[in-house]
Amino acid sequence: MTEQLCSSIMTLRAMGISTPEICRELGIDSDTVIRLLIQGEQAISPGPIASLPERREGNGSQAKGQQLMDKLISTMTKDQGSGLLPVWTFPDLAQAMRNSATAPVSRDTLRRYLSKEGFTFPDYLNWVTSSTVIPDAVAAMTEASRGLLYVVSHRIYRTVDPVTTLLAGLTPSNRLALLARHQGRLSPRMVMEFLEALLNLHKGRHLVVLIRGDGAGGRLARDAWQRRQRLLHLYLWRGSRGISKQWINSCQSGI
């Protein structure tokens, strides 16, 4: 029964149905929906990378993985000279990689690679909060606003020339949004541009964003509140201290 319910939830989410709508359709609570979404994504994640023919040898696998990351970053940053900094979704990135004039990459290969590199919702949630359980306050806000939850974090690739910071957001259904920039650290400006791009990507929809509250994430809080983004509910995770309660209260007044 759980397997069938999980399959139904995954199907509805793939159709773009929101969590509250899934709850009403199937007669279950939001905690169950989110838990089964995570369970379903884990169940369909790829098997050991060693089983793939092109990755049987350790050194060769690392080299090919580095080549693929270089190609991904090159694709995502090719228009930076024009001042355009688009947020890349997985379908857009998969299309660009598949249409590459040199060494095209299939959608399945790209998905397997990104999953192996930890670009999944459970990985990012654990990365930000040290747990795979969505904080109660975040889950409550997502339900109250009928919003879309993103967990956001960044990585710095120093093996790429030039050094590149990659900012990524993932939803419980593993919807992916990426922004790459040639810079050696995460800046508040890059985070703000990413959040604004997410709002443009999901026009008219409430977004609940969970991000680490230290570094650039913490410094952007005041600017985000001054902008009074009605549709943006930003939660800052401050390590062992948990979510910033002051910021929760500010965000809750924005619905």
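The values are calculated or read from the model by the stated rules, or taken from the named source; none is laboratory data. Note that the structure is a prediction, hence the values are computed from the model and not measured. Quick reminder, even Gly has a Cβ in these numbers, built from the backbone with ideal geometry, and neighbours come from all protein chains shown.
Within the stretch 200-218, restricting attention to residues that are at pLDDT 90 or above and surrounded by fewer than 18 Cβ atoms within 10 Å (Cβ to Cβ), which residue is nearest to PRO20 (Cα to Cα)?
The qualifying residue nearest to PRO20 (Cα to Cα) is ARG205.
Check whether at least one residue in the stretch 145-163 is touching a Gly at 6+ places or on another chain (Cβ under 6 Å) and under 12 Å from ILE211 (Cα atoms), and report yes or no.
Within the stretch 145-163, one or more residues are touching a Gly at 6+ places or on another chain (Cβ under 6 Å) and under 12 Å from ILE211 (Cα atoms).
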